[in-house]
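Each remark here refers to the structure printed beneath this line.
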Amino acid sequence: MVRDLIDPILARREQQRRQLLDISSDANLTFREAAEAFIRAQEPHWRNGKHVQQWRNTLITYACPVIGDVRVRGIDTAMIVRILQPCMGFRSTFRDWVAECTEYPDSLAEEALAHVIVSQTVAAYRRRDQLEHRRLMTEDWGRYCGNEQEKTASTASAVPQAFAA
């Protein structure tokens, strides 16, 4: 390719674009069929089989119950919103849980959500101590999500409020 003055990256992108167009051009293709064709086409490019399984499981769980048997051309915005709805409330649910069900400081929740701390000085001090507190909070969140709410508050009170600054 290089000898022929063809950019291999652009050539690969063009090939992928053509594959996608071939998939979507079939008017009778359902979302389930299109998704499976997409996964098969991408499978050689993913680093391991786990990615393939993650894609399939996510689509089976969230998309296929809503649009699995719908023709690709018939999918509309409202359907996509229905699929994404369970995923869109994560941040809000987490923040509500921290505020209403635990004694963890708000600042710790913000850090766990990867919000940037504007002050570099504050960030430097927090870096040292907050990792262990974030680990505890994440474990509690996992138990909460797994319906083990009675265990959730067990370590929440162990977080000193001094780190909330």
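Only the coordinates and a few stated rules stand behind these numbers; no lab work does. Quick caveat, the model's predicted, so the values are computed rather than measured. Backbone-built Cβ (ideal geometry, glycine too); neighbour counts: all protein chains shown.
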Sort segment 8-88 into rounded, prolate or oblate with this rule: let a ≥ b ≥ c be the square roots of the eigenvalues of the Cα gyration tensor; rounded if a/c is under 1.5, and if a/c is not under 1.5, prolate when a/b is larger than b/c, oblate otherwise. oblate
Mean Cβ count within 10 Å, highest first, over the residues of peptides 87-95, 41-49, 57-65, 28-36: 28-36, 57-65, 87-95, 41-49
Tabulate in residue order the Karplus-calculated ³J(HN,Hα) for segment 85-90, using 6.51 cos²θ - 1.76 cosθ + 1.60 with θ = phi - 60°, rounded to whole Hz; enter x for Gly and Pro. 3, x, 7, 6, x, 4
How would you rank Leu108, Leu5, Leu113, going from fewest to most other Cβ atoms within 10 Å of each one's own Cβ? Leu5, Leu113, Leu108
